[in-house]
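Shown next, in structure tokens, is the structure this report addresses.
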Amino acid sequence: MKPWPHKHILSLSNFSKDDYLSVLELAHKFNSINKTGTKKVPALQGLLVTSIFFEASTRTKHSFELAAKRLSSDLQSFSPSTSSLSKGETYLDTALTYSAMGSDVLIVRHSVSNVPLEIAEKLASKKFKTSVLNAGDGTHSHPSQGLLDLYTLSKFFDPNNINPDTLCNKTILIVGDVLHSRVARSNIWALTAFGANIILCGPEKLVPQEFNTFVQSLPLNQTKDPIYQRGKIEISRSLEESIKNADAIISLRLQKERMKENFLESIDSYSEKYCLTSEKLNLISKKIPILHPGPVNRGIEISSKIVDEYPYCLITEQVSNGVPVRMALLYLLSKYNKN
């Protein structure tokens with residue numbers, strides 16, 4: 001395995017193909033170990049991992065914490081309700097406190113974009129060696145979700161090998177609130193890196209036309225795209241037409257609070273046009289995998305019949321795959337810190 005080049009994992013925009021492959025191949029090894037009945041390996045004994053979730057989470061938080069435990073690391077878990085935040089402590093001071101306690105990795109989730117980056121920069125200014133792993137920040141990025149979705153789709157299209165190149169020239173349909181979705185952004189970076197073409201489908205206020213050029217707009221602190229040629233992005237307003245061209249579908253959570261901000265006329269009108277139903281899937285004959293980051297608003301994003309009965313609905317597989325993928329990320333960061 002090549003040396004891991006990233007001290008922090010904040011976004012997938014700076015991942016090379018080798019970076020993706022390092023994560024996926026290692027995740028596959030951890031997944032194989034888990035399936036043998038071996039629930040714990042001593043790979044990270046002595047490493048201190050701290051979970052700092054300023055924003056509520058079920059799947060991501062507990063998946064990361066389970067990943068840390070399965071690697072035998074020591075684990076601290078931050079709880080906002082019992083912390084000094086109520087006394088006026090800032091998130092930067094919280095991060096510095098845990099780093100001063102000896103944390104090797106901070107897993108950070110925050111409702112505001114770029115908070116993990118701010119924390120990483122503050123730690124560097126104080127000469128801490130702690131790595132920051134972004135577990136979701138505002139509308140910016142959710143790297144581990146993008147990676148586990150890449151892993152899930154790679155396994156679906158080539159069950160015998162972990163080969164994301166099998167996604168080349170496949171069309172991945174992403175449906176829903178792209179504008180506010182860090183999951184969509186991370187998926188676009190990951191999937192286009194291996195030549196997948198993306199259809200972004202939804203109403204104009206939730207899928208602005210500007211997303212056509214998303215991968216050409218690198219983050220401010222990044223001067224070069226490590227991917228030579230990415231897949232293409234197109235925008236669609238018709239779910240029925242998009243499904244006919246899709247090889248896989250990723251449905252996004254519709255945040256009901258957006259209703260108050262006049263992004264939608266009504267939930268009913270949205271679900272009528274963009275909810276995945278059996279009737280809409282019947283427009284195609286091939287088997288097509290469906291993913292969703294959860295939690296699912298049934299009947300709004302996906303019908304209950306598809307969630308419960310459709311054989312290629314991979315939501316539970318995504319949750320299962322999240323643990324080995326996050327094990328891989330923690331392991332790789334630990335090796336960087338030993339260099």
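What the table shows:
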{"item": "Signed unit charges on C-beta, dipole axis of the stretch 282-339, positive-most listed residue 283, 321, 333", "result": "333"}
{"item": "³J(HN,Hα) computed for each position of the stretch 216-230 - Karplus, 6.51 cos²θ - 1.76 cosθ + 1.60, integer Hz, glycine/proline x", "result": "8, 9, 6, x, 4, 8, 10, 9, 9, 8, x, 9, 5, 9, 9"}
{"item": "Placed amide H near residue 233: partners under 5 Å, 5+ positions off or other chain", "result": "198"}
{"item": "Among 133, 37, 6 - extreme Cα towards positive end, dipole of the chain, charges at beta-carbon", "result": "37"}
{"item": "Cα-centred dipole magnitude for the stretch 1-94, charges only on beta-carbon of K, R (+1) and D, E (-1), debye, nearest 20", "result": "440 debye"}
{"item": "Cα-centred dipole magnitude for the chain, charges only on beta-carbon of K, R (+1) and D, E (-1), debye, nearest 20", "result": "1000 debye"}
{"item": "Added length on full extension, which subtracts the Cα-Cα distance from 0.36 nm per residue, residue 308 to residue 92", "result": "73.5 nm"}
{"item": "Mean separation of Cα contacts under 8 Å (6+ apart) over length of the stretch 186-338, as relative contact order %", "result": "21 percent"}
{"item": "Identified option (computed Cα Rg over 2.2 N^0.38 Å; candidates (i) 1.12; (ii) 0.98; (iii) 0.90)", "result": "(ii)"}
{"item": "Residue-wise HN-Hα coupling along the stretch 279-287, computed from phi with Karplus coefficients 6.51, -1.76, 1.60 (Hz; x: Gly, Pro)", "result": "4, 6, 5, 5, 6, 10, 9, 7, 6"}
{"item": "Under 5 Å, built H, 5+ apart or other chain: amide partners of residue 76", "result": "49, 50, 51"}
{"item": "Among 98-110, 203-215, the order from most to least packed when residues are scored by Cβ within 10 Å on average", "result": "98-110, 203-215"}
{"item": "Protection-proxy order for peptides 145-155, 301-311, 58-68, each taking the mean of Cβ atoms within 10 Å per residue, highest first", "result": "145-155, 58-68, 301-311"}
{"item": "Whole-Hz couplings from phi, Karplus 6.51/-1.76/1.60, listed for the stretch 141-158; x for Gly and Pro", "result": "7, 9, x, 5, 5, x, 6, 6, 5, 4, 5, 4, 5, 4, 5, 5, 7, 9"}
{"item": "Computed label-point distance, nm, for sites residue 38 and residue 204 using a 7 Å Cα→Cβ extension", "result": "5.7 nm"}
{"item": "Gained length - residue 224 relative to residue 158, 0.36 nm times residue gap less alpha-carbon distance", "result": "20.7 nm"}
{"item": "Fully extended contour minus Cα-Cα distance, from residue 288 to residue 316, at 0.36 nm per residue", "result": "8.5 nm"}
{"item": "Given charges at beta-carbon only (K, R positive; D, E negative), |dipole| of the stretch 145-318 in Debye", "result": "220 debye"}
{"item": "Dipole-positive endmost among 214, 254, 306 within the stretch 145-318 (Cβ charges, Cα centre)", "result": "214"}
{"item": "Normalised per residue, the volume of the convex hull around the Cα set of the stretch 145-318 (Å³)", "result": "114 Å³"}
{"item": "For residue 112, distant residues with modelled amide H under 5 Å away", "result": "138"}
{"item": "Whichever aspartates and glutamates have a C-alpha closer than 16 Å to that of residue 244, once near sequence neighbours (fewer than 8 apart) are set aside", "result": "234, 279"}
{"item": "Residue 79-residue 232 pseudo-label distance in nm [points 7 Å out on the Cα-to-Cβ vector]", "result": "5.3 nm"}
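Where a number appears in this text, it was derived from the coordinates with a stated rule and is not lab data. This is a predicted model, so every value here is computed, not measured. In this analysis, Cβ positions are derived from the backbone assuming ideal geometry, glycine residues included, and neighbour counts consider all displayed protein chains.
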